[in-house]
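The block underneath contains the structure these notes are about, expressed in structure tokens.
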Amino acid sequence: MSLLRIENGSFAYRSGPQTLKDINIELEPGEILAVLGPNGAGKTTLLRCMMDMLHWQSGRSLLDGEDIRSIPASKLWRRMAYVPQARSAAVSYTAFQTVLLGRSSRIGAFSAPSEADMKAAEQVMERLGISHLADKPCYAISGGELQMVLIARAMAAEPEILVLDEPESNLDFKNQLIVLDTMTALAAEGVACIFNTHYPAHALQRAGKSLMLSKDGRSVFGDTTSVVTEDNIRRAFGVDALIGEVETPHNVMKNVVAVGITEEKVPDAPCEKDKDILASVTVIMRSNERASLINSAFRDYNHLLIGRMGLPHRKSEKYIISVMLEGPAADIEALSHRLSLIPDISVKTTYEQEG
Amino acid sequence: MSLRRDGRLGAAWIIILIVLPFIAAVIALGIGRMSISPGEVFDVLRAAIAGKHADSELIEKTVMQLRLPRIILAVLVGAGLSVSGCAFQSLFANPLATPDTLGVASGAAFGAALGILIGFDLIGIQLMGLAMGGFAVALTWLAGSGKDRGGLSYIVLSGIMIGSLFSALISFVKFAADAESQLPAITYWLMGGLDKANYRTLSLGAPVIIAGVVLFMLIRWRMNLLPLSDDEAKASGVNVRLLRGVTVVAATAITASCVSMCGQVGWVGLLIPHMCRMLFGNNHLSIVPASVSFGAVFMIIVDTMARSISAAEIPVSILTAMIGAPFFIVLMRRSGGWRI
């Protein structure tokens, strides 16, 4: 049973065309799901329906198999937390008081925060590296800092699912990276994250799964490698884009470059990558902290594995894992992508030459 | 006395906030046409608590029958209007919101004016004020709710409309009133004054104000959720509709009770909460008790001036504005402003 599911969710505003049609998603603990789509395709509406702030007209959201509408609010919001867009957030309190508000569902109507609540808020701020902001009013800090405070407020509820509405919008390069790294780190600790974004590249670099919405109500959901493709971007955004790779000494990162606005209509035919190929993956870890994430990725794609070698390098206390794979190109790409999302490791995949 | 991180008041502030209204009350009990020293005031109070009569019957009567009910009323009205102003500012996340934002004060004033026109006694006027205040808010709620989107801003807008509707009705009552006797009475009543205070009117209005203030004191940490946007508030896991509903009902009941007892007293609900926000920030853990205490003290001072500056009593809302506005500007310039 998945942690969070949407079953056939549909929604339309009273005056307007169907915004969301038959949305189906599934999310497991520790996964990151990116929601992509052009302006007006209903990204924020999707999040609001999912959290029951708007009501699905048909379909439902399930948390551990239980309909979200039947879960009492105080229970639901201990398991799920919401990070609104920074520009729609209330900013009258100090950062510490704002974070403390994240504990609301655990504090009685006639009580004030206990020592334990205060400690929890302090710990969250320390974990996200924003302790120095504690006594500053939220209207006096930068946009990037406010976004981190809002994430801290959400994390103060100790949720299993974090829902972020365009967390990296309106931020500069460095702050985008800080916010995305925070999300990646939280996911590595087991928190499931859903975020809306305008950047397909951020989906490719951070999210294992993606949902791409089009303005006509259609949507694609699945592994990011199969969703964020040049074809789908053309269909949903009407933009000709190229997906390329940037190689660092440790990693290969995907990137998206928009080349132009699509002129002709795009055929609907999906292209399939089902040809079996050979590949090998090499992982180098500084410590075995991420071993369980790597192992669970290999377990999920067990059918591809034809050989495996793990090697602790005793002198430097580092680990090298090398894996040989055989299977459909799409599956191998998905596994390779999933590994590339794990923080703090070096990973590269070598594919067999075609033809 | 620096601010505490958790938003609670420090021990020094707690003592000040508790003691200050008592000091103000004892001093005010002695001030008036007949000057009474604090020592004599204490003697009268001690005798009254013990159930005995004081040495001087005149002094006892002045303190217990004339000044004390009036000071109790000042405390209730000051504390009540300040705390409802504070609640409305947070609820609407708008620094200009006042207890009258939903039209309640205009409604209550209309009810009272109508009561004077019909020729009711004080209790009748008070009851009319309460009823029409509640009616005005009900109208506002009917006009502003039931929309899918917009929510609070619709309610504020319809509150302004209902408020001006009742202002027009007040003008109509004045127009219809007898120019010799009723018109001055209505006009004077609308300017506000605590001179109608006696234990009978208090017994009708005080319980509502006390209940409202106590409620706000109890839920004051949770009131921090009021300025949040709808989605943020919902995501807190707290029943925000209930919280907002309780806030509106309590603040409305307090305001209607105040207006029905002493007319339209402006400024307190705007001035005192802002003063507290400048001093303590926006955390309701501190600004709710501070508003209660400072509101009471401010009203005692203003009312004492109203009844003792000149031989004829000065309407209290004239003084609240004349003292309030300059004081507010000085505070604002010193503290460098604030935000909700």
Within a Cβ distance under 14 Å of residue A:116, other residues only, what is the Lys/Arg minus Asp/Glu net charge?
-2
Once the dipole of chain B is set up with Lys and Arg at +1 and Asp and Glu at -1 on Cβ about the Cα centre, which of B:251, B:103, B:9 lies farthest towards its positive end?
B:9
Using a Gaussian network for chain B with springs between C-alpha atoms less than 10 Å apart, which of these wobbles most: B:237, B:266, B:212?
B:237
Overall Cα dimensions of segment A:4-237 - principal axes, largest extent first, Å
50, 41, 34
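Quick one: dipole size for segment A:232-355, taken about the Cα centre, charges +1 on Lys/Arg Cβ and -1 on Asp/Glu Cβ, in debye to the nearest 20. Show your work: numbers first, answer last.
Working: 15 positive and 18 negative charges, 143 e Å.
The dipole magnitude comes to about 680 debye.
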Percent of Cα-Cα distances greater than 17 Å, calculated over segment A:276-351:
38
By DSSP, what percent of the beta bridges with both residues in the protein assembly as shown are antiparallel, rounded to the nearest 5?
75
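Expressed as a rounded percentage, what relative contact order does chain A have, with Cα pairs under 8 Å and six or more residues apart? If you can, show how the numbers build up before the last one.
On the way: 700 pairs, mean separation 60.9, N = 355.
Averaging sequence separation for qualifying contacts and normalising by length gives 17 percent for chain A.
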Which of these, B:131, B:97, B:325, has the largest mean-square fluctuation under a Gaussian network model of chain B (Cα springs below 10 Å)?
B:325
Under the Karplus curve 6.51 cos²θ - 1.76 cosθ + 1.60, θ = phi - 60°, whole-Hz ³J(HN,Hα) for segment B:80-93, x wherever Gly or Pro sits
x, 5, 5, 6, 6, x, 4, 5, 5, 4, 6, 4, 9, 6
Give a residue-ordered list of calculated ³J(HN,Hα) values for segment A:209-219 (Karplus: 6.51 cos²θ - 1.76 cosθ + 1.60, θ = phi - 60°; whole Hz; x for Gly, Pro).
10, 9, 10, 10, 9, 10, 5, 7, x, 6, 8
Cα extents of the protein assembly as shown along the three principal axes, largest first, in whole Å?
113, 58, 43
If the only charges are +1 at each Lys and Arg Cβ and -1 at each Asp and Glu Cβ, what is the size of the charge dipole of chain A around the Cα centre, to the nearest 20 debye?
800
Applied in sequence order to segment B:320-330, the curve 6.51 cos²θ - 1.76 cosθ + 1.60 (Karplus, θ = phi - 60°) yields integer Hz couplings, x standing for Gly and Pro, of 4, 6, 5, 7, x, 4, x, 4, 4, 5, 4
Using modelled amide H (1.01 Å from N, peptide plane; none on Pro or chain starts), what sits under 5 Å from the amide H of residue A:4, excluding residues fewer than 5 places away?
A:27, A:64
GNM, chain A, Cα, under 10 Å: largest mean-square fluctuation among A:118, A:183, A:80?
A:118
Cα extents of segment B:49-91 along the three principal axes, largest first (Å):
51, 18, 8
Which cross-chain or sequence-distant (5 or more) residues have an amide H under 5 Å from the amide H of residue A:19, H modelled 1.01 Å from N in plane?
A:11, A:12, A:13
Among A:93, A:212, A:19, which residue has its Cα positioned farthest towards the positive end of the charge dipole of chain A, with +1 placed on the Cβ of Lys and Arg, -1 on the Cβ of Asp and Glu, and the dipole taken about the Cα centre?
A:93
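Direction-averaged shadow area of the convex hull around the Cα atoms of segment B:11-335, nm²?
Details: hull surface 72.0 nm².
Dividing the Cα hull surface by four gives the mean projection, 18.0 nm².
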Positive dipole terminus of the protein assembly as shown, leading residue within B:90, A:303, B:127 (C-beta point charges)
B:127
Residue A:82's amide H: which non-local residues (gap 5+, or another chain) put their own amide H closer than 5 Å, with H modeled 1.01 Å from N in plane and none for Pro or chain starts?
A:163
Evaluate the charge dipole of segment A:123-231 about its Cα centre and quote only its size in Debye, nearest 20, assuming +1 on the Cβ of each Lys and Arg and -1 on the Cβ of each Asp and Glu.
80
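Each reported figure results from applying straightforward, stated rules to the coordinates on display, with no laboratory input. Keep in mind it's a predicted model, so treat the numbers as computed, not measured. Don't worry about glycine lacking a Cβ; one is built from the backbone with ideal geometry, like all the others, and counts go over all protein chains shown.
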